[in-house]
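Input: a single structure, listed below in structure tokens.
The values are calculated or read from the model by the stated rules, or taken from the named source; none is laboratory data. None of these values were measured; they are calculated from a predicted model. All Cβ positions, glycine included, derive from the backbone under ideal geometry; neighbour counts span all protein chains shown.
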Amino acid sequence: MTLNDLIGVPTFEHSQANAFISSVIDYVYVGTEILHKLRNMQITRLHHTWSDHSILQISFTAGRSPTGPGLWRANPVYVTHTTLQEQINS
């Protein structure tokens, strides 16, 4: 992902004179490599007595990545940590 392959998504809407006005106050950047996994974008307006902010929801489709057998590492200090060993074994 590089700086030039990002796409801005509007994250704020407000109503004025019975029309919804969209403006970009904050950004959510989505790389073009994962843009095809973007499922849904939604702005939920809260009641004006609760907040002057809106809720932004963005959903992506999760995919499977090819993985190998993997490698697990732990700090050797934990071998002598009896409390941690008890928690792992319980």
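List of remarks:
- Taking residues in region 65-76 that are over 16 Å from residue 88 (Cα atoms), and partners anywhere that are at pLDDT 75 or above and polar (S, T, N, Q), not one pair has Cβ atoms closer than 9 Å while being at least 6 places apart or on different chains.
- Restricting attention to region 37-66, the residues that are over 17 Å from residue 20 (Cβ atoms), of a type in the set (Gly, Ala, Ser) and in a strand (DSSP E or B) add up to 1.
- Enumeration of residues in region 49-90 that are surrounded by 10 or more Cβ atoms within 10 Å (Cβ to Cβ), more than 30 Å from residue 39 (Cα to Cα) and polar (S, T, N, Q): 85
- Filtered by the rule that a residue be farther than 30 Å from residue 15 by Cβ and either polar (S, T, N, Q) or touching an Asp or Glu at 6+ places or on another chain (Cβ under 7 Å) (or both), region 28-81 gives 31, 32, 61, 65, 67, 75, 80.
- Region 67-90: number of residues that are outside any loop (DSSP other than H, G, I, E, B) and polar (S, T, N, Q): 6
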